[in-house]
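Novice: Right, I'll just put the structure down here and ask away after.
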Protein chains: 2
Amino acid sequence: MQNQRKPTNLFEIIAETNRRHIIDLLRTRPRSVGEIVERSQLSQPGVSKHLRILREAGLVTTSKESQKHIYHLRAEPLKEIDHWLEPYRQYWSDRLDALEEFLDEEE
Amino acid sequence: MQNQRKPTNLFEIIAETNRRHIIDLLRTRPRSVGEIVERSQLSQPGVSKHLRILREAGLVTTSKESQKHIYHLRAEPLKEIDHWLEPYRQYWSDRLDALEEFLDEEE
DNA sequence: CTGTTATATTACCAAATAGTTATATGTCAT
DNA sequence: ATGACATATAACTATTTGGTAATATAACAG
């Protein structure tokens, strides 16, 4: 396999179910590692491993509250996924119908 | 009981760069396997392998033209990704107005 | 200091992944 | 029927992934 892969492919990062779950948890509010562990099926090191990946992908940031590490969601990088999806939305979208009409008129 | 569907996690399916590339190629128009091979970095069996995965995920359909197998895009399943993304969009676009979103992405 | 709590890192392993070559299958042309 | 063409499948393999247990690091409490 001579495949040169990017260090952080966002698509691969969100492909993992547990990571998506963590992201979803942080959407509610920032949370400590312990809180996330409680709400996941993973061991503490397992969670920390995923958090590291999310951190390096820029999807979370951290702050500290005494001994606790608080993880905050930073969703902006997900824009990349959204952007890739853009040209496909027309295949199912109903919410862009008005826009399509608008564009048809413009041409 | 053998009702075992393959757990086709759509996120994992589109996580692979070559598969996204194939999907993008089929957005232009339906294409034969050979055409896709020409436009990829993969061997023919490599492409066929990915096509099978896409087929089983319902992201492509096939038709035949003599000896050629023509692959057609079927984007609907991507809706799932789009749906997951939905609550995150507000983080990078304050207004969810469809036209504004579209114009932002056109830049 | 000492012990406790919270998190990160290390070392290891099983399973999954994605690639290859070789081969099978199916269709067309002669 | 035979050979060429188009694609799929099989068999194999290196790499990556995601999990765990054990351990390190760091901050707080007394």
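Bear in mind these aren't lab numbers, they're just calculated from the coordinates by the rules spelled out. In this text, all values refer to a predicted model and were calculated from it rather than measured experimentally. With ideal geometry, Cβ positions are generated from the backbone for all residues, glycine too; neighbour counts draw on all protein chains shown.
Novice: Determine the shielding of peptide A:69-81 by partner chains: average, over its residues, the number of Cβ atoms on other chains within 10 angstrom of each Cβ. Walk me through the intermediate numbers first.
Specialist: Values: counts 0, 0, 0, 0, 2, 1, 7, 3, 3, 6, 8, 0, 7.
That works out to 3 on average.
Novice: What's the local net charge at B:His72, with K and R +1, D and E -1, over the other residues with C-beta under 13 Å away?
Specialist: Details: positive: B:Arg27, B:Arg29, B:Arg31, B:Arg55, B:Lys64, B:Lys68, B:Arg74; negative: B:Glu35, B:Glu65, B:Glu76.
Around B:His72, the surrounding residues sum to +4.
Novice: By counting other Cβ atoms within 10 Å of each Cβ, how are B:Leu73, A:Leu42 ranked from fewest to most?
Specialist: Numbers: B:Leu73 22, A:Leu42 16.
Going from least to most buried by this count: A:Leu42, B:Leu73.
Novice: Using a Förster distance of 25 angstrom, determine the FRET efficiency expected from the C-beta separation of A:Asn18 and B:Asp24, and round it to 0.05. All intermediate terms of the calculation are to be shown ahead of the outcome.
Specialist: Working: r = 28 Å, r/R0 = 1.13.
The computed FRET efficiency comes out at 0.35.
Novice: Say a label goes 7 Å from Cα toward Cβ at A:Glu86 in every copy; what distances in nm does this one have to the rest, shortest first?
Specialist: 2.2
Novice: Below 8 Å between Cα atoms, with a sequence gap of 6+, how large is the relative contact order for the range B:7-74 in percent? Numbers along the way, then the final one.
Specialist: Working: 68 pairs, mean separation 23.7, N = 68.
After rounding, I find 35 percent.
Novice: Work out from phi, with θ = phi - 60° and the Karplus expression 6.51 cos²θ - 1.76 cosθ + 1.60, the ³J(HN,Hα) of each residue of the range A:34-49, listed in order in whole Hz, and give x for Gly and Pro.
Specialist: For the range A:34-49, the Karplus curve yields x, 4, 5, 4, 3, 9, 10, 9, 9, 6, 4, x, x, 5, 4, 5 Hz.
Novice: A further question on this structure: Starting at the first residue of the range B:14-30, write each ³J(HN,Hα) from the Karplus equation 6.51 cos²θ - 1.76 cosθ + 1.60 with θ = phi - 60°, in whole Hz, x for Gly and Pro.
Specialist: 8, 5, 7, 4, 5, 5, 4, 5, 4, 4, 4, 4, 6, 5, 4, 5, x
Novice: Let me ask something else. Would you kindly work out, in nm and rounded to one decimal, the distances from the label point of B:Arg55 to those of the same position in each other copy, ordered shortest first, with label points 7 Å along Cα-to-Cβ?
Specialist: Output for B:Arg55: 4.5 nm, nearest copy listed first.
Novice: Related question: For B:Ala75, list long-range residues whose amide hydrogen, built 1.01 Å from N in the peptide plane, is under 5 Å from its own amide hydrogen.
Specialist: Those lying under 5 Å, H to H, from B:Ala75: there are none.
Novice: Once phi is turned into ³J(HN,Hα) by the Karplus curve 6.51 cos²θ - 1.76 cosθ + 1.60 with θ = phi - 60°, what whole-Hz value does each residue of the range B:57-66 show in order, with x for glycine and proline?
Specialist: Rounded to whole hertz, the list is 8, x, 8, 9, 10, 10, 9, 10, 10, 6.
Novice: Once label points are set 7 Å from the Cα along Cα→Cβ at both A:Thr62 and A:Glu86, what is their separation, rounded to one decimal in nm?
Specialist: Label at A:Thr62, label at A:Glu86, 3.4 nm between them.
Novice: In addition: Which three semi-axes in whole Å describe the equivalent ellipsoid of the range A:7-74, each the square root of 5 times a Cα gyration tensor eigenvalue, listed largest first?
Specialist: 18, 13, 11
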